[in-house]
1. For the stretch 85-132 and the stretch 156-200, what is the separation of their Cα centres, given in Å?
2. Of the peptides 134-145, 86-97, how do they stack up when ordered by the mean number of other Cβ atoms within 10 Å, highest first?
3. Could you order the peptides 40-48, 397-405 from most to least packed, using the average number of other C-beta atoms within 10 Å per residue?
4. Assuming a ≥ b ≥ c are the square roots of the Cα gyration tensor eigenvalues, decide whether the stretch 131-172 counts as rounded (a/c under 1.5), prolate (otherwise, with a/b larger than b/c) or oblate.
5. May I ask for the angle, rounded to the nearest 10°, between helix 2-25 and the longest principal axis of the chain, with both axes built from Cα atoms and the value confined to 0 to 90°?
6. Could you state the angle between the C-alpha long axis of helix 205-218 and the longest principal axis of the C-alpha atoms of the chain, as a value from 0 to 90 degrees rounded to the nearest 10?
7. Roughly what angle does helix 388-417 make with the longest principal axis of the chain, taking Cα atoms, 0 to 90 degrees, to the nearest 10?
8. With a 1.4 Å probe and all protein chains left in place, how much of the accessible area of the stretch 28-142 comes from carbon and sulfur atoms, in whole percent?
Amino acid sequence: MFIQNIFRLILVGLVITWLFAETAVAFTVSSDFPGGSAELRELNAAEGYLEIAPAYHDQRGWPCWWYFRVDGAQRGQQLTVRITPSTQSFREGRRLGAAWSLPQRAAISTDDVHWQQTEPGEIDRRGGTYTITAPASRFWMAWGPPFLPSHADDLLEAVAADLPAAERFELATTRQGRAVTAIRCGTPGAPHVVWVQARQHAWEAGSSWVGRGFLEWVASDAPEAVRLRAHSEIVFIPIMDVDNVALGAGGKEAVPRDHNRDWAEQPHYPEVAAAQRRIGELAEAGRLRVFLDLHNPGANSKQPFYFGPYKDEPMSAQGRRNYQRFLTLSVATMTEPLAMERAYQYASYIKTAEERGRMSRNWVADHSDDDVVALTLETAWNTPHSTTQGYMHVGRGLAQTVARYLATVEETSEEAGSGK
Ligand SMILES: [Zn+2]
């Protein structure tokens with residue numbers, strides 16, 4: 001009897017040890033999926049600790065984007081997730097500041113579809129530590145809510161199904177053979193054309209969510225949206241740098257240059273060349289009215305803002321009035337949850353005229369009539385409102401602004417036509 005009890009105890013002990021060991025080793029991290037990015041630095045399942053850095057991709061720009069999946073965690077288990085900046089140089093002798101990789105709140109999801117923010121992490125110059133409660137045995141974490149080529153396809157398909165007049169098209173095939181998908185909606189051949197593109201910088205996922213909010217409002221039943229579609233044509237590209245988005249690379253300052261420094265005579269990227277050609281034709285025909293390039297700014301920006309025309313940019317009085325009216329309407333319309341800054345900013349950190357000329361906003365301004373409004377929208381990513389819903393809200397406001405702006409353009413030209 002005594003011997004039997006001893007055996008039982010030993011058996012129970014073995015089972016407990018085995019169970020504990022299973023729990024300890026079962027928790028894994030992976031990033032081998034589209035847009036995934038994580039270099040595993042440390043994983044201590046027993047202590048619920050994992051440490052990663054954004055994956056490094058040689059010549060693919062800033063290593064700031066991270067996105068990974070955890071499998072085998074225990075639901076409700078407290079985990080410490082430490083993100084440390086990449087130590088690799090993205091260009092010779094240049095390392096990226098830590099802040100670009102370290103949102104105050106990271107994004108977390110149990111289905112890779114719906115994203116929430118974590119509680120604020122402890123962020124310093126060496127890294128960020130996020131204490132989380134595992135929401136499920138499998139979950140995803142990312143720098144911000146991911147927006148991948150599959151999201152772009154789903155969005156364009158849904159809008160095309162809603163709007164029979166809309167036309168999906170392929171802007172270009174990337175250097176690595178991926179499709180850059182786009183949509184044209186509104187009235188084909190209408191006198192006003194609006195061109196909106198996102199993600200020339202792959203890590204700036206929030207800009208595609210802003211774009212989604214923009215497009216969904218344009219496609220909606222709101223009377224102003226219906227009117228906008230009746231009087232204009234809207235071209236939208238959810239992701240320009242598809243290759244780096246799919247790879248999970250940052251894209252910004254890629255070698256030889258990134259998309260928003262590629263608007264040259266001889267672009268490196270087919271999608272930039274294709275956009276230039278189409279925009280050039282629209283400008284030539286006198287139909288382009290508004291060009292918007294969607295981005296996310298630095299970690300310290302807490303409100304969306306535009307990079308506008310330079311102070312020394314040659315411009316007619318009409319051009320100035322148009323930029324001013326667009327800004328006034330933006331400030332009045334885009335009030336929440338992230339309110340627009342009340343003044344234009346200038347990309348004064350670009351020192352040479354040659355480099356300025358290779359930025360899309362400036363290229364469009366240089367290659368179109370000066371009554372065209374060409375702007376870069378920078379939407380803050382490091383705030384409690386930098387969520388899918390918050391970004392889409394900004395995009396909705398942007399679309400309403402465009403609709404209101406074009407309505408005033410029509411009134412102005414009617415007045416001019418009637419000789420007032
Ligand atoms: Zn950017």
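1. So the separation of the two Cα centres works out to 32 Å.
2. 134-145, 86-97
3. In descending order of packing, they fall as 397-405, 40-48.
4. The shape class here is prolate.
5. 20
6. 50
7. 0
8. Carbon and sulfur together cover 40 percent of it.
The values are calculated or read from the model by the stated rules, or taken from the named source; none is laboratory data. Note that this is a predicted model, so its numbers are computed, not measured. We place every Cβ from the backbone using ideal geometry, glycine too, and count neighbours over all the protein chains shown. Surface areas here come from the heavy atoms of the whole protein model, side chains and all, with no ligands, DNA or RNA. Shrake-Rupley method; radii C 1.70, N 1.55, O 1.52, S 1.80 Å.
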